[in-house]
């Protein structure tokens, strides 16, 4: 299991239309906090339920997509940030040191 790069508006539209769960991890590649959170996510990525689609957004390259995410899912922009999308709606989001696979997986499994 691995994160797919989120790089286009078309991909974001696909996430909004998808059934089931998608995770978007918004990552600032120059931020030490974001790098540390990404490392932890990478170490535990296989703990996500297998049917979960995982995406990573490079905020420095694709700020326009980050802005669209904030508007489309009605969330405040933060970095790093993890959003859990279910059937086109953001049902859970965390930022900074609160991001972890265990809590995100619990949110997926409780629904």
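The values are calculated or read from the model by the stated rules, or taken from the named source; none is laboratory data. The model shown is predicted, which means the values in this text are computed figures rather than measured ones. Glycine also receives a Cβ, built like all others from the backbone with ideal geometry; neighbour counts cover every protein chain displayed.
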Leading residue by the ranking (farthest from the chain's Cα centre (by Cα)) among those in the range 89-100 that are closer than 22 Å to residue 19 by Cβ and surrounded by 14 or more Cβ atoms within 10 Å (Cβ to Cβ): 91
Have a look at 2, 7 and point out the one that is exposed (fewer than 12 other Cβ atoms within 10 Å of the Cβ) and on the phi < 0 side of the Ramachandran plot. 2
Name every residue in the range 12-50 that is assigned to a loop (DSSP other than H, G, I, E, B) and either in contact with a helix residue (DSSP H, G or I) (Cβ under 9 Å, 6 or more places away or on another chain) or surrounded by 13 or more Cβ atoms within 10 Å (Cβ to Cβ) (or both), in order of residue number. 18, 28, 29, 31, 48, 49
State the number of residues belonging to the range 70-86 that are touching a helix residue (DSSP H, G or I) at 6+ places or on another chain (Cβ under 9 Å) and more than 15 Å from residue 54 (Cβ to Cβ). 7
Given (1) in contact with a strand residue (DSSP E or B) (Cβ under 8 Å, 6 or more places away or on another chain); (2) outside any strand (DSSP E or B); (3) surrounded by fewer than 17 Cβ atoms within 10 Å (Cβ to Cβ), identify the lone condition not met by residue 69. (3)
Yes or no: residue 64 on the phi > 0 side of the Ramachandran plot and exposed (fewer than 13 other Cβ atoms within 10 Å of the Cβ)? no
Of all residues in the range 21-44, how many are over 17 Å from residue 95 (Cβ atoms) and either in contact with a strand residue (DSSP E or B) (Cβ under 7 Å, 6 or more places away or on another chain) or modelled with pLDDT under 95 (or both)? 2
Restricting attention to the range 60-76, does a residue exist that is in contact (Cβ under 8 Å) with a residue 60 or more places away in the chain, more than 11 Å from the chain's Cα centre (by Cα) and under 18 Å from residue 14 (Cβ atoms)? yes
